[in-house]
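Below is one structure, written out as structure tokens, with a few remarks after it.
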Amino acid sequence: MNRKLVDLLVGLFVVLGFSALLFLAVRAGNMSGSLALSDTYETRARFDNIGGLKPRAAVRSAGVVVGRVTGIRFDDQTYQAEVMLALDRRYQFPKDTSAKILTSGLLGEQYIGLTPGGDPQMLAAGDRITMTQSAVVLENLIGQFLYGKAAEGGAK
């Protein structure tokens, strides 16, 4: 092979490597599968503790991604976190749907899980999900466990 062909093949290999790294970065950064191109409606939910929930986190129902978290703000009147959700318009949920913050795996990313209720009326744009369950903070669970064990040991 001549020198120009080898240089061309090496350049092509480098470009393919950078493309693969860019693809992995987009997938790992949760930027793919965005609902920005599809038709959505905005709802809100308030939580006492959102843990490590971040904007663009998934909103799932029955394991299927049905929306994304579009924003998080602190309400200084109720001292709660208000989470804005963009739900895909293809998926309609009853007004008495409940939302809870869940974790993928033991230490994975956090997402919002929706459990549909039985109300015949559906959520509309601007509605608020009132039944919510905050994130379980692993440090709090460990502290409660250790405190309980220490109290057991002191009682003996």
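Every number here is computed from the coordinates shown, using simple stated rules; none is lab data. Predicted model, so just to flag it, every value in this text is computed and none were measured. Positions of Cβ are generated from backbone atoms using ideal geometry, with glycine treated the same way; all protein chains shown enter the neighbour counts.
Tabulated data for the structure shown
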item: Packing-based order for 139-147, 123-131, 67-75, using average beta carbon neighbours within 10 Å, highest first; result: 67-75, 123-131, 139-147
item: Dipole of the chain, positive end: most advanced residue of ASN2, GLY67, GLN77 [Cβ charges, Cα centre]; result: ASN2
item: Potential lengthening between ILE142 and THR130 on full extension [0.36 nm per residue; Cα-Cα distance subtracted]; result: 1.4 nm
item: FRET efficiency for MET84 and ALA25, using Cβ-Cβ distance with R0 set to 25 Å, rounded to 0.05; result: 0.45
item: Cα-based helix-to-principal-axis angle, 3-28 vs the chain, degrees rounded to 10; result: 10
item: Stretchable slack from GLU109 to VAL6, in nm (0.36 nm times residue separation minus alpha-carbon distance); result: 32.7 nm
item: For THR40, distant residues with modelled amide H under 5 Å away; result: ARG89
item: Crossing angle, helix 138-155 versus the chain [Cα axis fit, 0-90 degrees, rounded to tens]; result: 40
